[in-house]
Amino acid sequence: MRHRDADPDVAAVAEEEILFPLKRPSAGGLVLTVKTSSLAPGLATRLMGAIATGPWDAQPDDLERLEIPADLKDTNLIGALGPRGANFYDLVDTSTLSVVQGLGDAGGILVRFRDAWCTVASTSRQIPFRLDEVVARIRPLL
């Protein structure tokens, strides 16, 4: 578990996460936000995606909001951050993306790629981070 203490007047943010090596087409940074399958696409998921990719202090300085490709609209992918001007599919391949989209159902809402590493992290205690399910889902990538 990782704690982020940004301000002494604000409660610390705790994340559960798993880190693993991953080969992918680019070493460029990429952050994907996914939802659980039980949450239907619509206004709520669009708002969640906008908030997840907003210009917050905690966002990586070298990444900005990427447009989600049309073929991924109304899927479990609700937000993406990447390098300025990057092509989405140059940063992640479709087989990795198919695994990532199922991680929300195991409590892995944030998926961060950097160089040859990937982390899958929770974002709240309302959605339990089920480590055994996350590991089972990422096993094809290892």
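The values are calculated or read from the model by the stated rules, or taken from the named source; none is laboratory data. Note that the structure is predicted; figures quoted are calculated from it, not measured. Every residue, glycine as well, gets a Cβ built from its backbone with ideal geometry; the counts of neighbours run over all protein chains shown.
One residue is enough: does the range 134-142 have a residue meeting the conditions in a loop (DSSP other than H, G, I, E, B), buried (at least 16 other Cβ atoms within 10 Å of the Cβ) and of a type outside the set (Phe, Trp, Tyr)?
Taking every residue of the range 134-142 in turn, none turns out to be in a loop (DSSP other than H, G, I, E, B), buried (at least 16 other Cβ atoms within 10 Å of the Cβ) and of a type outside the set (Phe, Trp, Tyr).
Looking only at the range 103-133, filter to residues that are buried (at least 18 other Cβ atoms within 10 Å of the Cβ) and of a type in the set (D, E, K, R); which one of those is nearest to LEU66 (Cα to Cα)?
Looking at the filtered set, the residue picked out is ARG112.
Using the structure shown, decide if ALA40 is over 13 Å from the mean Cα position of the chain (by Cα) and modelled with pLDDT under 85.
Criteria not met by ALA40.
When the range 64-88 is examined, which residues are found to be in contact (Cβ under 8 Å) with a residue 40 or more places away in the chain and not in a strand (DSSP E or B)?
Within the range 64-88, ASN76, PRO83, ALA86 qualify.
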